[in-house]
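Written below as structure tokens is the structure these notes are about.
We did not get these values from a lab; they are worked out from the coordinates using the rules stated. If you're wondering where the values come from, they're calculated on a predicted model, not measured in any experiment. All Cβ positions, even for glycine, are placed from backbone atoms using ideal geometry, and neighbour counts span all protein chains on display.
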Amino acid sequence: MNRSIVPEAISRQPWQMLIPLCGLVSLGAAVLYSAAGGSLQPYALTHALRFCIFLVMAIFISRLSRNVFRTIAYPVYGAILGLLVLVELIGAVGGGSQRWLNLGFMSLQPSELMKPAIVLVLARFYETLPHAMTASWRGLVPAGVLIALPAIFVLIQPDLGTATAVCFGGVVIMFLAGLPLWWFLSAGGALMVIAPIAFFTLLHDYQRNRVLVFMDPEGDPLGTGYHITQSKIAIGSGGIFGKGFGNGTQSHLQYLPEAHTDFVFATMAEEWGLLGGLFVLTVFAIVIGWGMRVARRAPDRFSSLLAAGMTATMFFYVMINLMMVMGLAPVVGIPLPFMSHGGTSMLTNMICLGTIMAVNRWNRGGGSLS
Amino acid sequence: MKINFRRFLRAPHVTTGTLRNSFDRRAVVIGGIQGGIGCLLAARMTYLSVFENEKYKLQAESNRVNLSLIPPRRGWILDRNGQPLASNRADFRVDIIPERMTEGDRTLAELGKLLSLTPIAMQDLQDKLEKARGFAAVEVASGLDWERFAAVSVRLPDLPGVVTQRGYSRFYPTGPAVGHLIGYVGAASAEEYEKDRDPVLITPGYKVGKDALEKFYEKDLRGKPGARRVEVTASGRIVRDLDTREDVPGKTIKLTIDAGIQDYAARRIGPESAAVVVMDCQTGDLLAMCSMPCFDPNSFSDGIGRLEWKMLSDDDHVPLRNKVLRGLYPPGSTVKPMVALSFLEAGLDPNESVICNGGLRVGNRVFHCWQHRGHGSVNMAKGIYQSCDVYFYHFAQRIGMDPIAAMAHRLGLGHDFPLPVAGQSYGTVPDPAWKLRKYGKEWQTFDTVNATIGQGYFLVNPLQQAVQASRLATGRIIMPRLIHGQENTMQASLGIPADHIAYIRQAMSDVANGPGSAPHARLPFPDIKLAGKTGTAQVVGLNVGNGKGGLWKHRDHGHFICFAPADNPRYACSVVVEHGGGSGAAYPIARDVLTYVFDKQRGMDILTELETGWGGTPEQRLDARYKAYSAQYGVGAPAVPSDEESRKLQAADGADEPAQPITEAQSPAPEPDPNAAASAAPQASPSPVASPGSAPQ
């Protein structure tokens, strides 16, 4: 095990990741402060508070032992799957699609929780799968079913973005679990054939439209292409140093849609410029690089898959969101981790982070709760 | 550890070690992909914010800053003394830009409530919206009080597409009196915008001239729009003003019109359908040019509502036609001084007489004098002041039509004049060549006979008659002018000997002041004499009506041309009263207008008394009529035809004006017995038996 030169007491927490992350969250809070027109309410304060609360939760998660994770993997997966079904049922009865369960004190989006859950359950599955079967159908089909079930339920909500995220997390685990490479290559090949067909048959109109508009946002600048166009204007007009804190016109004059959630990066880039953008990218690189290192250092299959999967899930958020705001991907409702205002997204990402921190602690052989 | 390649297709040998190994390798791959995507994002970010920075900066600016044009204040139109005939008044207004409206019906309902619009106004608004093209603003209301304006202004965020403005709107202080003279303004139509791509045309609140002077001088009156740069949100709410460039008001146009005379004449016409022209017969300056009834250009400028349209198109007094320029009438006996002048020119001794027995046989027909009892011995002066037809029947046959027609042209009949107006109908001065050209028929003696008493093919408009009066008065080529500030050079002489002019002038003076046909046309001043000539023009044959009573449409037109003072003419005036029942309807108007010209107070006293009998000023009567209409029809009036259609309608109205029958050469010969005439005239066209120069009643 790679011993750090930092004393044990201090390096108990992964400060090399946490400090930049706190910087990122602070920047996020600052951007939200500006997006609210120079006010802590309603975004910035709750954003910072949520981060603090969920950080405590993440630290708590990181204290859990490997066995706890192993034990709860299937029950958690099952429970969340049940919630997904419940959401569908309520939606069907109530008429119209629904993604949230109203718990009274908060609204819960089970599909979000499914992103870490799928990673957890697959890591558990491949740990228990006899090694020899990895390359056989028994290494593929159960895992495929585990991914497909929630993905289908999320897809019919309909929420293409989250369904893709669930699949992405699952497939990364399968890839890292050592399934034969040619499976992925042929699956990729098949996908290229199926995707166009699916595009014209399975997708909802508005989803198809989003993809079409992504191909040519200027074709419909006041309609669906509006989001992408305005986001690019915000980022592009910021220049190298940005327009200065609180001076963003795109966000303040409401040209930028969803300036505090999905398009928060554009809001930030308008005011902080390329430097702010590079800072955000650097912090994400640090966090994700740290996550991947933790995964590679993990001693056993379960924890390495778990850490890598959680990292991949977070990476997927970052990648899709940033590509979307920069006009490289169609508009899908995926927020930017640690910057976008939104409780469920923060919760999911902190669960991922907490899990990676747990693996990190296991790597160092630290004690665990229970 | 080693993979058995021979068994590869069945099942590879998998151990913890191989899996760990593959995990490590694949983790590196994934890390590499992640790093690659990170670099891609960084590159994209750099590209957007560094290399495309200029482009996006510009786009952000054009998002943020909204350049709105401030409609320029329209140039004023002044009368000769600087009194405004058309001005601008500060105004609170509300417009809709249709393409920015999201929930049209809800917005309209809300506006209707806030502005307390009547159902009729709501209906008109709907009509306007249906016709509107997306780019142009549609006026909802103008001239609002502050409370209603503020009520809409504060709710603007909930009313997308609605624009409130403090601006200026056109104001015509004397309303209907100047409607035909000045015209009116209105929002530019799509056609107008296509012809003239000036962006100010589609600025909310900007109006273009739609008729008459407003249209003719559109370019001069327009001015230059100001501009306001404002910061706006995506939903169009104005955050703050950035900078403002003031508008440049349009040029002021000063007319020769005297606002007082114009207004007086319009009011004096009263309930009649009539035209009055007053000219300075020394310079040609038009002092008044009014045609009544008229629309109110103030309410026309807000857009023509259904009810207004119905009211105007129902009116048989054709308020949409400018009778001064587009009304054509057989001039009746008003041509007699002109014909007499041509006789003098042809060498006729004015003292040569003819015995009038009440009629004259021409060929196989008898042409009557209006005075069936006859005038006895008639010389030229008596022929004019008594308006004896037989005198003219007799000598016209001797002189022939061509000298008469030539004189008519010299005095301005059959011509249009270089005036800044939308159109003039110049009518007909018939002569043998013209008849041959037009109808392919030979000129007949009875055509001459008809023409000498201003019937037959003769058609003139009231402006020409005023010009004729001026030229008779001065013997000079007086050209009517409307724009003030031109040089007052002495006009060239017509080349008519002064003694001829003096003779005619004296005869015309005797019409009112001597033993003439209109003694009541005398001015109420001991020292100012009016010289004039009456005229009664038949509209239908005696078989249809006697011209004095019966159906309004069948009554004779009344004419009067005059100038004053008779000995040193200064003002000329012509009056036409459509279907007035004879000249008795026309000369009192001319007399009172000239009375006003010389003594305003005296004129006003007469008018005030008359107006109490008529139910108020033209504006008050128009208002009352509108109220009656809205009570009767409410929202049931049919939609207003589009701009182009209504224009066509107006033009057609003017074109088919000739109330004058085109008499065929074969038209029934007038019989000595009026009863026989009636039975012998089956055609609708009235017989050429004029009953001209009606006597005062």
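Bridging of B:K215 to lysines at a Cα separation below 26 Å is possible for B:K128, B:K131, B:K195, B:K207, B:K224, B:K251, B:K254, B:K310, B:K323, B:K648, once same-chain residues fewer than 8 apart are set aside. Using a simple spin-label model with pseudo-atoms 7 Å out from Cα toward Cβ, B:T612 and B:R106 lie 5.8 nm apart.
Averaging 1/r over each pair of different alpha-carbon atoms in chain A and inverting the result gives 21.5 Å, the Kirkwood hydrodynamic radius.
Pairs of Cα atoms under 8 Å, at least six residues apart: use those to get the relative contact order of segment A:15-363, whole percent.
Working: 503 pairs, mean separation 87.8, N = 349.
Over segment A:15-363, the number comes to 25 percent.
Cα-based values for segment B:311-383, radius of gyration first and Dmax second, are 18.4, 55 Å. When the charge dipole of segment B:152-232 is built from unit charges on Cβ atoms (+1 for Lys and Arg, -1 for Asp and Glu) and taken about the Cα centre, the candidate among B:A190, B:T164, B:L201 whose Cα reaches farthest toward its positive end is B:T164. When the charge dipole of chain B is built from unit charges on Cβ atoms (+1 for Lys and Arg, -1 for Asp and Glu) and taken about the Cα centre, the candidate among B:S153, B:Q59, B:M490 whose Cα reaches farthest toward its positive end is B:Q59. The Cα atoms of chain B cover 148, 58, 51 Å along the three principal axes, with the biggest extent listed first.
Tell me the relative contact order for segment B:394-485 as a rounded percent, counting alpha carbon contacts under 8 Å between residues six or more apart. Dividing the mean separation by the residue count of segment B:394-485 yields 34 percent. Under a model in which nothing but the beta-carbon of Lys, Arg (+1) and Asp, Glu (-1) is charged, chain B shows a dipole of about 3140 debye around its Cα centre.
Couplings 3J(HN,Hα) of segment B:468-478, computed from phi: 4, 4, 4, 6, 4, 5, 10, x, 10, 7, 7 Hz, in residue order, whole Hz [Karplus 6.51 cos²θ - 1.76 cosθ + 1.60, θ = phi - 60°; x for Gly and Pro]. Once backbone amide H atoms are built at 1.01 Å from N, B:V163 has B:D95, B:I96, B:I97 as its partners under 5 Å, excluding neighbours fewer than 5 places away on the same chain.
Calculated mean residue ellipticity at 222 nm for chain B: -11500 deg cm²/dmol, from DSSP H runs with n ≥ 4 weighted as -39500 (n - 2.57), summed, divided by the residue count and rounded to 500.
When only Cα pairs below 8 angstrom with a gap of at least 6 residues are kept, chain B shows a relative contact order of 14 percent. Between B:R625 and B:Y47, the modelled label-to-label distance comes to 7.2 nm, taking each label 7 Å out from Cα in the direction of the beta carbon. Estimated from helices alone, the mean residue ellipticity of chain A at 222 nm is -23500 deg cm²/dmol (sum of -39500 (n - 2.57) over DSSP H runs with n ≥ 4, per residue). Considered as an equivalent ellipsoid built on the Cα gyration tensor, segment B:277-679 has semi-axes of 35, 26, 21 Å, the largest given first. May I ask for the net charge around B:P204, where only other residues with Cβ less than 10 Å from the Cβ of B:P204 are counted and Lys, Arg are +1 while Asp, Glu are -1? Charge balance near B:P204 sits at -1. For segment A:33-47, 3J(HN,Hα) computed residue by residue from phi via the Karplus equation (6.51, -1.76, 1.60; θ = phi - 60°) reads 4, 5, 5, 7, x, x, 8, 5, 9, x, 9, 4, 5, 4, 4 Hz, glycine and proline entered as x. Dipole orientation for segment B:372-443: of the candidates B:H415, B:G383, B:I404, B:G383 has the Cα lying most toward the positive pole (charges on Cβ; Lys, Arg +1; Asp, Glu -1).
The smallest convex shape that holds all Cα atoms of the protein assembly as shown, its convex hull, gives 228 Å³ per residue.
In debye, nearest 20: dipole of segment B:229-274 around its Cα centre with unit charges on the Cβ of K, R (+) and D, E (-)? Working shown, then result.
Numbers: 8 positive and 8 negative charges, 8 e Å.
The calculated dipole for segment B:229-274 is roughly 40 debye.
Give me B:E272, B:E103 sorted ascending by neighbouring Cβ count inside 10 Å, so fewest comes first.
Numbers: B:E272 21, B:E103 13.
With the sparsest Cβ surroundings first, the list reads B:E103, B:E272.
Excluding B:S116 itself, calculate the net charge of residues whose Cβ lies under 11 Å from the Cβ of B:S116, where each Lys or Arg counts +1 and each Asp or Glu counts -1. Walk me through the numbers before you get to the answer.
Working: positive: B:K113, B:R148; negative: B:D145, B:E147.
Charge balance near B:S116 sits at 0.
Amide H contacts of B:G359 (H built 1.01 Å from N, in plane; Pro and chain starts excluded): B:C369 sit under 5 Å, all sequence-distant by 5 or more or on other chains.
When Lys and Arg each count +1 and Asp and Glu each count -1, what net charge do the other residues less than 12 Å away from A:H131, Cβ to Cβ, add up to? Don't skip to the end; give the middle numbers.
On the way: positive: A:R138, A:R301, B:R20; negative: A:E127.
Value of the local net charge: +2.
I need B:S153, B:S116, B:S493 ordered by Cβ neighbour count within 10 Å, fewest first. Please report the intermediate quantities before stating the final value.
Working: B:S153 17, B:S116 10, B:S493 13.
Going from sparsest to densest Cβ surroundings: B:S116, B:S493, B:S153.
Residues B:T452, B:T536, B:T256, B:T612 in ascending order of nearby Cβ atoms (within 10 Å, fewest first): B:T612, B:T256, B:T452, B:T536.
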